[in-house]
Amino acid sequence: MTVEQGRLRRAREDEVPALEELMRAASLIWPDHREDLLAHPDAITVPVDEVRAGRVRVHEQDGEVTGFATVQAVRGGEAELDALFVRPASMRRGIGARLVEDAAARARAEGAVRLAVTADANASAFYGRCGFRMVGETPTRFGPALRMLRDLISEPVPPPAR
Ligand SMILES: CC(C)(COP(=O)(O)OP(=O)(O)OC[C@H]1O[C@@H](n2cnc3c(N)ncnc32)[C@H](O)[C@@H]1OP(=O)(O)O)[C@@H](O)C(=O)NCCC(=O)NCCS
């Protein structure tokens with residue numbers, strides 16, 4: 001994996017349309033979901049409340065947003081990685097993995113002992129590489145998906161995230 005340069009920061013409210021466009025382009029790379037997504041464009045949303053709450057983090061390079069991730073607030077020791085998308089032209093350069101590490105560190109700092117994700121089967125190799133293990137299946141609007149967990153308990157607690 002190439003180690004991608006660039007920086008991670010909070011998403012801004014005025015970026016929501018651009019993030020939704022990135023999400024749309026990234027989601028369409030898996031051929032088995034193209035039809036569903038094209039038929040249900042409402043599935044492509046980045047909640048502005050989550051942006052306002054600082055729960056959406058973007059990777060930016062040369063002034064361009066190349067990926068983003070959303071992590072929900074910790075509940076019962078578990079944080080949920082709710083969205084993770086990398087611009088197709090920027091895939092396989094380590095950006096997704098970097099966003100996951102950032103999400104894990106921030107969740108750990110908020111007291112989470114696990115990071116959970118409902119993963120598209122196409123992304124299971126990626127999540128496996130990022131330290132997640134499969135724990136089962138779960139239904140979604142577009143069919144069954146994988147439930148995957150990464151234990152954070154053995155990871156150091158970083159200083160509070162800004
Ligand atoms: C899944 C996704 C976020 C990965 O982002 P990325 O920046 O391309 O991933 P990375 O470069 O950090 O990949 C890290 C490692 O994961 C694995 N990996 C990543 N993409 C993979 C793929 N399509 N197939 C198999 N393994 C993959 C590889 O081992 C990779 O290391 P390598 O490139 O050295 O082989 C990106 O493909 C994406 O946005 N997909 C569409 C949306 C999606 O499925 N999001 C997840 C929703 S559950």
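Remarks
- Those residues of region 51-63 which are at pLDDT 95 or above and farther than 17 Å from residue 117 by Cα, in sequence order: 51, 52, 53, 54, 58, 59, 60, 61
- Those residues of region 121-156 which are surrounded by 13 or more Cβ atoms within 10 Å (Cβ to Cβ) and assigned to a loop (DSSP other than H, G, I, E, B), in sequence order: 130, 131, 132, 142, 152, 155
- One residue alone among 73, 83, 43, 26 is touching a residue at least 24 places away in the same chain (Cβ under 8 Å) and in contact with a Gly (Cβ under 9 Å, 6 or more places away or on another chain), and that residue is 26.
- Meeting the requirement of 2 or more residues that are open to solvent by less than 20 Å² (accessible area, probe 1.4 Å), closer than 26 Å to residue 137 by Cα and within 16 Å of the ligand (Cβ to nearest atom), the helices (runs of 4 or more DSSP H) wholly within region 1-120 are 16-27, 95-109.
- In region 74-97, the condition of being more than 21 Å from residue 59 (Cβ to Cβ) and among the small types (Gly, Ala, Ser) is met by at least one residue.
The values are calculated or read from the model by the stated rules, or taken from the named source; none is laboratory data. As the structure is a prediction and not an experimental result, all values here were calculated from the model. Positions of Cβ are backbone-derived with ideal geometry, glycine not excepted, and every protein chain shown enters the neighbour counts. All accessible areas refer to the heavy atoms of the entire protein, side chains included, with ligands and DNA or RNA removed. Shrake-Rupley method; radii C 1.70, N 1.55, O 1.52, S 1.80 Å.
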